[in-house]
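Below is one structure, written out as structure tokens; comments come after it.
The values are calculated or read from the model by the stated rules, or taken from the named source; none is laboratory data. Only a predicted model underlies this, so the values are computations on that prediction, with no experimental measurement involved. Cβ: placed from backbone, ideal geometry, glycine included. Neighbour counts: every protein chain shown.
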Amino acid sequence: MLGCNHGIHTDPEEQGVFSFRPCSMSLITYMNEQGYLRDNNISDCQYSYESRDEAMRILEYVNNYCLITGDELIGSLINGECHDRSPLWFPIPQMEFRLNRRRIINIIVNQGIESHMQPIVNTQKKVIGYEFLLRSSSSRNFFYPSDLFDIARETGLQSQLDQAARLTAIETSARHLPQGIKRFINFLPSSIENPNQCLNQTFVAMEQLSLDARDFVFEVVETERITHMAHLKEIFEVCRRKGISLALDDVGSGYSTLEEMDALRPDYIKIDRSLVGGCSQDQAKQEQIKLIIQRASAFGGKALAEGVEQMEDFQFCVDSGVVLAQGYLFGKPGKPY
């Protein structure tokens, strides 16, 4: 499973070669003074290393050079696994970050991930679908999904991780769910530069597994405020042409606002757990939930209550117009068997 823009290169191994550009005589001289002779390359400055510690020293020296001279260099890792691919180029601080976060990067690169499923029920508490949640495939490599995506963003691997998580969810759904059951799958709009190109592998996977696109709901999950509304609307249009429904996550909290909901008109509106928890006893939460449902109903959006743990909260949401719910009251995320 690869990202949209390029293949995934492995993290630095115990041996390898760094390539830096633009190459200049001042950089060559500086690295010579540190004891590193340039490998034979016409256009780039390349330096070999024999251990992870030595790789860190080279990056530290090059970073110091940039600080001293004010030059803005970019670097790439060359090893035996990527000679046949176009190299990925990163700012030097990002390369240092990648090396320091090697364990997490290896999880992303080697796709040490799997999907867990949490049930979604209707007003009669009947399971009509599942949300697919990213988890580690090994207990030895535990991670918090939010940390994994933070590091992926810092290291330029967000697109690859988002794509891998999406394809893992699709493949898991094909093994464990019958046709007609909804599959809610998260995606990061910022990781999709060209919707037709970036989502093509997703669509191909669904076709190859003989899955019905109408069973899928792609959930917008963003850790930053949506600033490119036109781009997100284009993503929605591409998905809807394939028959895929859309959902907006965490409405009423964080970055998902009523204005964004009105502009995007998603098929499903997921009311944030911070509003749902204790809503049966909180008038302010009740008013906000009713407003979200009212605004959603104006364009035909279906309201889904997240984080439901108490029957009283579920009953209030249902009485207010919520048609779907999700939370520990109905089942925790679990590994499918």
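Which of (1) in contact with a helix residue (DSSP H, G or I) (Cβ under 9 Å, 6 or more places away or on another chain); (2) modelled with pLDDT of 95 or more is the odd one out, the single condition residue 217 does not satisfy?
Among (1) in contact with a helix residue (DSSP H, G or I) (Cβ under 9 Å, 6 or more places away or on another chain); (2) modelled with pLDDT of 95 or more, the lone unmet condition for residue 217 is (1).
Out of 305, 325, 296, report the one residue that is farther than 15 Å from residue 248 by Cβ and crowded, with 23+ Cβ neighbours inside 10 Å.
Exactly one of 305, 325, 296 is farther than 15 Å from residue 248 by Cβ and crowded, with 23+ Cβ neighbours inside 10 Å, namely 325.
Condition test on residue 203, is it closer than 13 Å to residue 131 by Cα and surrounded by 12 or more Cβ atoms within 10 Å (Cβ to Cβ)?
For residue 203, the condition - closer than 13 Å to residue 131 by Cα and surrounded by 12 or more Cβ atoms within 10 Å (Cβ to Cβ) - is not met.
Restricting to the range 247-267, count the residues that are assigned to a helix (DSSP H, G or I) and either surrounded by 20 or more Cβ atoms within 10 Å (Cβ to Cβ) or within 21 Å of the chain's Cα centre (by Cα) (or both).
3
Return yes or no: is residue 63 within 30 Å of residue 312 (Cα to Cα), at pLDDT 70 or above and either surrounded by 15 or more Cβ atoms within 10 Å (Cβ to Cβ) or not hydroxyl-bearing (Ser, Thr, Tyr) (or both)?
So residue 63 fails the test.
Could you list, in sequence order, the residues of the range 321-336 that are out of contact with any helix residue (DSSP H, G or I) (no Cβ under 8 Å at 6 or more places or on another chain) and under 21 Å from residue 174 (Cα atoms)?
Selection gives 331, 332, 333, 334, 335.
Could you identify the single residue in 236, 316 that is crowded, with 17+ Cβ neighbours inside 10 Å, in contact with a strand residue (DSSP E or B) (Cβ under 6 Å, 6 or more places away or on another chain), aromatic (Phe, Trp, Tyr) and assigned by TED's automatic domain parsing to the domain that holds residue 211?
236
So, of the residues in the range 143-193 that are part of a helix (DSSP H, G or I) and charged (D, E, K, R), which turns out to be nearest to residue 323 (Cα to Cα)?
166
Here is a list: 270, 233, 285. Which entry is at pLDDT 95 or above and assigned to a helix (DSSP H, G or I)?
Answer to the selection: 285.
Restricting attention to the range 88-100, report how many residues are modelled with pLDDT under 70 and in contact with a Ser or Thr (Cβ under 9 Å, 6 or more places away or on another chain).
0
Every residue in the range 275-288 that is out of contact with any strand residue (DSSP E or B) (no Cβ under 6 Å at 6 or more places or on another chain) and surrounded by 16 or more Cβ atoms within 10 Å (Cβ to Cβ), please.
Within the range 275-288, 275, 277, 279, 280, 285, 286, 288 meet the criteria.
For the range 142-192, which positions are within 26 Å of residue 92 (Cα to Cα) and charged (D, E, K, R)?
Listed by number, the residues that qualify are 147, 150, 153, 154, 162.
Please go through the range 116-171 and pick out each residue that is in contact with a helix residue (DSSP H, G or I) (Cβ under 8 Å, 6 or more places away or on another chain), touching a residue at least 60 places away in the same chain (Cβ under 8 Å) and of a type in the set (S, T, N, Q).
Within the range 116-171, 123, 155, 159, 160, 163 qualify.
For the range 33-46, give me the residue count where each residue is of a type outside the set (Asp, Glu), surrounded by 12 or more Cβ atoms within 10 Å (Cβ to Cβ) and either over 33 Å from the mean Cα position of the chain (by Cα) or not assigned by TED's automatic domain parsing to the domain that holds residue 76 (or both).
Number satisfying all stated conditions: 5.
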